[in-house]
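One structure is given here, and the rest of the page talks about it.
The values are calculated or read from the model by the stated rules, or taken from the named source; none is laboratory data. From a predicted model like this one, the values you see are computed outputs, not experimental measurements. With ideal geometry, Cβ positions are generated from the backbone for all residues, glycine too; neighbour counts draw on all protein chains shown.
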Amino acid sequence: MKLITFATYKEAEASLTYFGASEIAITGMGPKATKDFLEKLDFTPSCIVNIGLAGALRPDLVEGTIYPIGRVSYNNNTLVLENEGLALATCDKPQYNSILGHSYDLVDMEGYVVAAYAKKNNIPCALYKLVSDFCTETTSQQIAANLPKFSEIIASFLHNRIPILCKDFSSFSYSWEPP
């Protein structure tokens, strides 16, 4: 059985319409909550897809677009994933006006932990991140205002692609336009 991980219920809310609750995991925010959750899993997934929000560290990335992650780092540890894609920095707390932009494209608080768990357990893993903001002081308000829309974008992405995500982690980005 595949496992689709989200940090928060609000990110996953629209996806629960398309997938059974047994396939979706809400890990909690941050590296510690994510690690604690994954260590308590009582089954071994056939693959893990981690998807959720990330702050953009480059101005050319597009808000509301989902990008594949090719490399993820946390505390000077780096994992290269099967996907070709952007570089993600996982941090312990939200980043504002970060200097990480010199080496990374996006920042989140869970991705590395999911990828490390998958690698440790020899489970195929893919990370996809939706650009939710640009790491400014108004980030929290911006995310809160757009979270229902972001959840729908993620659900549409997963609904259209989950059959292939666990078979082929090929590189692509995805942008959703409302009907």
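Can you find, within the stretch 140-179, the residue that is surrounded by the most Cβ atoms within 10 Å (Cβ to Cβ) among those that are at pLDDT below 80 and among the hydroxyl-bearing types (Ser, Thr, Tyr)? Reasoning before the result, please.
The first filter runs over the stretch 140-179 and keeps only residues at pLDDT below 80, leaving 160-179.
After this cut, where a residue has to be among the hydroxyl-bearing types (Ser, Thr, Tyr) as well, the list is 170-171, 173-175.
On the way: SER170: 12, SER171: 13, SER173: 14, TYR174: 18, SER175: 14.
Checked the stretch 140-179; the qualifying residue surrounded by the most Cβ atoms within 10 Å (Cβ to Cβ) is TYR174.
Please work out which residue is surrounded by the fewest Cβ atoms within 10 Å (Cβ to Cβ), limiting yourself to the stretch 12-49 and to residues that are of a type in the set (Asp, Glu) and closer than 19 Å to ALA115 by Cα. Walk me through it before giving the result.
Let us first name the residues in the stretch 12-49 that are of a type in the set (Asp, Glu), namely 13, 23, 36, 39, 42.
Those still in the list that are closer than 19 Å to ALA115 by Cα too: 23, 36, 39, 42.
On the way: GLU23: 17, ASP36: 13, GLU39: 8, ASP42: 4.
Per the criteria, the residue is ASP42.
Can you list the strands (runs of 3 or more DSSP E) found entirely within the stretch 1-81 that contain at least 2 residues being within 22 Å of ASN160 (Cβ to Cβ) and in contact with a strand residue (DSSP E or B) (Cβ under 7 Å, 6 or more places away or on another chain)? Before you say what the answer is, go through the steps one by one.
Numbers: elements: 2-6, 24-26, 47-56, 65-74, 77-80.
Because the criterion is at least 2 residues that are within 22 Å of ASN160 (Cβ to Cβ) and in contact with a strand residue (DSSP E or B) (Cβ under 7 Å, 6 or more places away or on another chain), the strands (runs of 3 or more DSSP E) in the stretch 1-81 that meet it are 2-6, 24-26, 47-56, 65-74.
Any chance the stretch 109-118 includes a residue that's at pLDDT 95 or above, aromatic (Phe, Trp, Tyr) and not in a strand (DSSP E or B)?
Scanning the stretch 109-118, I find at least one residue that is at pLDDT 95 or above, aromatic (Phe, Trp, Tyr) and not in a strand (DSSP E or B), so the answer is yes.
Pick from GLU63, GLU82: which is within 25 Å of ASN146 (Cα to Cα) and either in contact with a Lys or Arg (Cβ under 8 Å, 6 or more places away or on another chain) or surrounded by fewer than 17 Cβ atoms within 10 Å (Cβ to Cβ) (or both)? Step through it out loud before you land on a result.
On the way: GLU82 fails: within 25 Å of ASN146 (Cα to Cα).
So the residue among GLU63, GLU82 that is within 25 Å of ASN146 (Cα to Cα) and either in contact with a Lys or Arg (Cβ under 8 Å, 6 or more places away or on another chain) or surrounded by fewer than 17 Cβ atoms within 10 Å (Cβ to Cβ) (or both) is GLU63.
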